[in-house]
Structure formats: structure tokens, C-alpha cells
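Here the structure is laid out as C-alpha cells; the discussion comes afterwards.
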Amino acid sequence: MARPYCEKCLRGGYECLGYEEDQLRIKILWNHLPASADITTSEAPAPTVGGCRNDPASTVTDRVAKPSILGTALLYRKSGRALTTDDSSFENSARRFDRLWPQNQSQPVLYSSSRTHKPDNAEPLDTVAGVKEIGSDLAEDIKTLHRSISASIDMTHLDKEAYLACVAGEYVLHVLDFWFTPPSAIVRDCLKGQVRGTRTMQAMDLGTMVLKTCALDQGLRNPGTTLERYMALVDKFEQNFTTDLGCNLPPRDATDCFTARLELAILKFFLGDSIAGYTLLQVLRPKFLLLVATDSGLLVEQPNGNLAVSFPRTLSSLRHELARFISYDVILSFLLGAPPMIEYGYEGTCDGDGFEWIHGIPSALLQIISQINSWRAGPRVHLDCWQDLELCVFAWKPLQATLGESFVPGSTAFERAVVQEGWRHVVLIYIYMGICGVSSHDPRIQASVDVIFQLAEKMRNSRIGIHMLPHCVVAGIAARLEKQRIRVYEKLNSFLDPRAWLLRGPQFNRALYHLWHSTGAGGKAVTWDDYIRARDTVMPL
């Protein structure tokens, strides 16, 4: 005889247990993210902890109504129900994702906490007000997260809209805090496409959880057993992708695997293991070349008949994961003095803003830095002579100057212009020391060093001062005076958050300190090769 159902349960949406009133009734949630629950904001979201939404007026009830990735996955495993899989949910999620970004691209990014110019007793990573510090139990939560979003879960069984919206929201909250400026609409579209891959979403979920935990327990400032546990978790997570990264994968799956492991490599840098992060990037090199080979427009034939990766085309490509890889390759080769992983061709110039929105490096100057990296590695491709590169640096103008915009001292636009003008002198120093081989005592270099120090004074306690880290490193290499070296040392010590430049300021201080007390002792002249040897001594790759 069938169990009777009461009208009250049917109307209320409860699982009816008949007339046994001693058991709890469970309400069935058929739609975990109602269509009326928009994630909208007219400003950049201020980082929060715990939910997908970033509405300052949102309440705990709001967050409960929209379960996290962990909650959605666990609910699926417990109930075994197939949730809504309407393809139109992706379109709704895309619109919600767009509304997470500042609508006015000229408005400043909202930073949750200052990362620079802090007193010795200040906390380098401020916790969000009103959020209690989470203990070691969160490590178990991360493991549970890892199990709950394992590759065995089919995306067709999850609420796609809730899943994608939550991943995108959490990602935005954690990256807007250190980006130089909000990205363009084209880049936002690329980011939306990036989070559709199952493996990529898993890696981004893990990264969000780990970074959130490190920030709350100050793990990023005090590396030790806590970070070792997180690194072990990342390593274990990476092993799940190792067998997937084969040569015969469909293009979409190959891109998903590559992007996921790229996220894990960056996460290893965040956790303080630069060797592991750099090693994983090297492992991804052949996979990068395979992906580039699927798009002939990203290759350029050299006069000797060899093929090279077109730097300007790849940087401006809609293949966001490939552009990120070459950007990291250029940045690490420059700051660490390591040879580039890829052989690039430099026909034409870079169009668009490239990755200027992340690091603040103008695309034209980033291409020159890449050419210098290639020149130092003994290239087999044609490169411009150093005089041509020098002329390009002098001729470069920031976008604001070409538009005839004026700046108010102390404004965000003014500070961004200061950072980018500083890049002009950083690149000039790299040309003279990296290609010409002159020492730090060259008058052209000392003139640029003086300008960098003057520009740094204008930044003062700016929240985007973290983007002056490369300026400080280069100025520290060429600094002659003890007072200049002290200023560089103190400034770099304040750059404790590695999310903007993969590495922390104190890591470069170790290399500079060794340089200043060996070859450069007493203000003696040093070369770029002297810096590389000092870095290799204290921070080998």
C-alpha cells in the first residue's frame, strides 16, 4: 500500500513522510539560484569571505539561499538528483558575470587593504572586518572541497548557473584586489569562457579556498607547516590532471587541462614555492606549443625557415591562457634572469592593452623586455638593435597622454600614470645593462635610477604601490648610494603579497643584499650578470 501524501507537504515543497510526525521533513530545493537573485554591482566588488555575492547589504540569509560549490556538490552526492541543466543558464550566468565588473572602466579598482608602506608592527594581509579567524579545521574543509568537486562529477548533473556564477564571483573577489585596472570587455569575455572547463573550475575553486585560508591565518606572511600542508594539497590535486594532459585530447579538453595546471603553477608561486611553480611552468611548455600549433595565426616563419611563436599576436590573442603563459614567461625571465621558455618572433607591434590591466606594463614595453630576454638567451630569430629599442622606449606614450587627459595629483589615474612612466626607465636600464653590458655607474643608468626614486615618492601610501615592485628591483640593482639601497630594501620588505608579481619583495631583497655585500660592496659598479649570479646563489631555480 502506497504511503499517503498530505496537501501541506505538496504545497510547501517538502518531502512527505506520510503521517509519521516524529521525523523531520526536508524541504526540496529544486532551484538553488532563482532567476530573481542577480549578482549586480555598479562598482568593483570589495573582497569578502564566504559567498559568491559581494553586496554590502547582503545578509547571511542571502548566502544560505545560494549554496557554495561545496554545498552544491555535497547535496548532489547525498540526494542523487539531477539538477537543472538548461543551456540557457550559461547565458544568464554570463550576464551576471559581466555585472561583477566596474561598469566605468576609468573608475578605480577598490582594494580591500593596503599592501604597501606599512609599519613594522602592521599586518601585511588585513582580514576582512567582522570575519572570525578560521583555524586548522579549514584544511579539512579544503580536502572535502577537493573530494566534492573531483573529476568524477559530471557537469551535466550540477546546477550550471549556480556553479559558474559562484566560481566567477569568488575568482573576481580574489583577483580584483591586486589588478592594476579593470580589464576590457573583450578580456572579460575570455575569462567567462575560461571558467567553463571542469578542470579549470576545480583549480580555481581550490585556489580561492587556499588563498582565503592563508589570508585569514596569515599563512602568506609566516610560511611554515601551514603552507606545506596547502602545497601538499595542491600537489595531490595536480596529480589528478597529470594523466589527462596527453597529446591526443580534443582541443577543448587540452585547453582545459593546460589552463587548470597553469592556475596550479601560479598558486604554487603564491604559496612561496617559486621553484615548484617555475618547474610546473616548464612542464607546461610543450603543451603550450601544441596549443599554439592548432592556430597557425600565432606562428611566424623566420628567414631561416624555422617557425617561432608570434609574440604580438599571441599577447593580443583571444586565447587568454596562451597570453597569460607568455606574460609570465617574460616577467619571470626579466625579474629572475632566467632564459625564456619560448622562442618568439617579433614582427609588428602589440595592439591593445595586452595584460596591462594586471601588471600595468604597457604592451609595447613588455615586447621590448621580451626582446631583451631573447637577445640575452642567444636567439635564433631576428631582433631589433638596441638603438631601435631605445628609440621605441623614448617614443612610447601612455594612453592617457595620447587622449590628452590631465591628472589630478593623488588620484588613481595619476598613480597609474606614475607606475607606467616608471616602466620607461626600468626598460631603459634593462637595455643598457642587459644588452649593452654597461655597469651600474653609467650616467644614463644613474639618471633613470634618480627618476624612479622621484616617481616612487609620488606614490607614497598608494594602494597600487605593489606594482612598483619591478621598479624597486631594477633601481636596487643599479643603486650606488647606501641611502638608496636602504630605501629599496625597506620598500621591498613591504611588498608581502605575491599575487601581483608571483614573488614577494623580501625574496628579491635576499638577492640584492647578497649583491650589495659582494660585487657591489661599498657602492662599486655591478652588471646585470652580477645580479643573476647573486639571485642564483640565494634563490636558485
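Taking the fewest neighbouring Cβ atoms within 10 Å as the starting point, the ordered list for Tyr531, Tyr346 is Tyr346, Tyr531. Here the label points at Lys397 and His517, each 7 Å from Cα along the C-beta direction, are separated by 4.8 nm in the simple model.
Multiplying the residue separation of Leu290 and Asp450 by 0.36 nm and removing their Cα-Cα distance gives an extension gain of 53.1 nm.
Going by the alpha-carbon gyration tensor, a ≥ b ≥ c the square roots of its eigenvalues, is region 284-396 rounded (a/c under 1.5) or, if a/c is not under 1.5, prolate (a/b greater than b/c) versus oblate? Judged from the Cα gyration tensor, region 284-396 comes out rounded (a/c under 1.5). Ranked by the mean number of other Cβ atoms within 10 Å of their residues, highest first, the peptides 200-213, 278-291, 383-396 fall in the order 200-213, 278-291, 383-396. Taking a ≥ b ≥ c as the square roots of the eigenvalues of the Cα gyration tensor, region 402-541 is prolate, since a/c reaches 1.5 or more and a/b is larger than b/c. In this simple spin-label model, placing a label point 7 Å from the Cα along the Cα-to-Cβ direction at both Thr349 and Thr537 gives a separation of 4.1 nm. With a Förster radius of 41 Å applied to the beta-carbon distance between Glu482 and Arg252, the computed FRET efficiency rounds to 0.15. Cross-link pairs exceeding 25 Å in C-alpha to C-alpha distance, out of Lys212/Lys268; Lys397/Lys483; Lys458/Lys491, comprise Lys397/Lys483.
Could you tell me whether region 280-340 comes out rounded, prolate or oblate from its Cα gyration tensor? Rule is a ≥ b ≥ c as square roots of the eigenvalues, rounded for a/c under 1.5, then prolate if a/b exceeds b/c, otherwise oblate.
Note, shape of region 280-340 comes out prolate.
Since every read-out is calculated from the coordinates, none of them should be taken as a lab result. Everything numeric here is computed off the predicted structure, so don't read it as measured data. Here the Cβ is made from the backbone with ideal geometry for all residues, glycine too, and neighbour counts use every protein chain on show.
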